[in-house]
Amino acid sequence: MNNTEDRYEEYEEFTRKKYIAIAVVVALILIGLAIHGFKMVYNAIKESSEETDKIVSEARKTLTEGLEEYYGLKESAYLVTDRSGEKGGHPVYKFDLPETGSYTAAIGTEGLCTDFYVDGYYRAVEDYVSELIEETGLIPNGLPYRVGEVRCTFNGHRENYEKRCKAELLPVWLNANELSKFRDGKVNDRERWMNEIHTYVTIYVDQPWDVKLTAESFAAVREELSLFADEFRIGILQSEGGRAYKVYVYNPRKDIVTTDSYLAPEE
């Protein structure tokens, strides 16, 4: 009887030790897997962080180098106040200049674009168009007209920038020097302008004008307009004191005229 009990106790002891050994092995395996998993997670986070740092660094480099190369603005001359989307590689920056105000810059597949010279470009277009009208007699002398609207965009704007910021942007290469050439009619890279810049100009003639405009009517201004404009619209008031305008829409790049109508809002 005692031998049986001894053997039973020995068997229990053996079984207990076996399970303890198995538990230790399992624990060691789990610890090893945990350490391996931790290393994998750590390395993934490290790689992701390094990649993010690289993206951020390259974006800031594009911004600082672009502003200095084209605008002559050293990094110390402005303050970046916002960097939304920077870590994702599609940043929109806000930067302030003490003397002139706040601006927007965005980086996308078309490179760096900003609104730094947008207002200056609009004024230049207004002056340019007014001079064209005066020189060519497109609108008869004495007939009152006004440049009602100028707006612009550029290749890739809608796809790469418009969804990320509300500002109207222009490529960074359209700077003060390029604006000066534009005003003087001495743009060097005409092909670049025609391929990248898309401007829409609306002229209002605020009294009735008995005329039917065709592509031939715009022949004298086509070459100058095709440099920058996709549409050149002339709205003619249909009756004295009225609000209805007949709009001739001229596309100088395709040399075609279509018509539209516009009802001016009540004052």
Q | Qualifying positions in the stretch 85-124 - of a type in the set (V, I, T) and open to solvent by 50 Å² or more (accessible area, probe 1.4 Å) | A | T100, T109
(Q) All but one of (1) of a type in the set (F, W, Y); (2) open to solvent by 20 Å² or more (accessible area, probe 1.4 Å); (3) in a helix (DSSP H, G or I) hold for W193; state the number of the condition that does not hold. (A) (2)
Q) Where residues in the stretch 200-240 are charged (D, E, K, R) and in a strand (DSSP E or B), which of them is least open to solvent (accessible area, probe 1.4 Å)? A) D230
Q) Is it the case that G101 is on the phi > 0 side of the Ramachandran plot and modelled with pLDDT of 95 or more? A) no
**Q.** Test: residue in the stretch 141-163 that is surrounded by 15 or more Cβ atoms within 10 Å (Cβ to Cβ), in contact with a His (Cβ under 6 Å, 6 or more places away or on another chain), closer than 27 Å to S226 by Cβ and modelled with pLDDT under 90
**A.** yes
Q.
Here are the criteria: (1) without any contact (Cβ under 8 Å) to a residue 40 or more places away in the chain; (2) buried (at least 20 other Cβ atoms within 10 Å of the Cβ). Tell me which single one G72 does not satisfy.
A. (2)
Q: Output the number of residues of the stretch 70-93 satisfying the condition of being in a helix (DSSP H, G or I) and either farther than 17 Å from L169 by Cβ or in contact with a helix residue (DSSP H, G or I) (Cβ under 7 Å, 6 or more places away or on another chain) (or both).
A: 6
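The values are calculated or read from the model by the stated rules, or taken from the named source; none is laboratory data. Treat the numbers as computed from the prediction; the structure is a model and nothing was measured. Don't worry about glycine lacking a Cβ; one is built from the backbone with ideal geometry, like all the others, and counts go over all protein chains shown. Note: accessible area is taken over every heavy atom of the protein model, side chains too, but ligands, DNA and RNA are not part of it. Shrake-Rupley method; radii C 1.70, N 1.55, O 1.52, S 1.80 Å.
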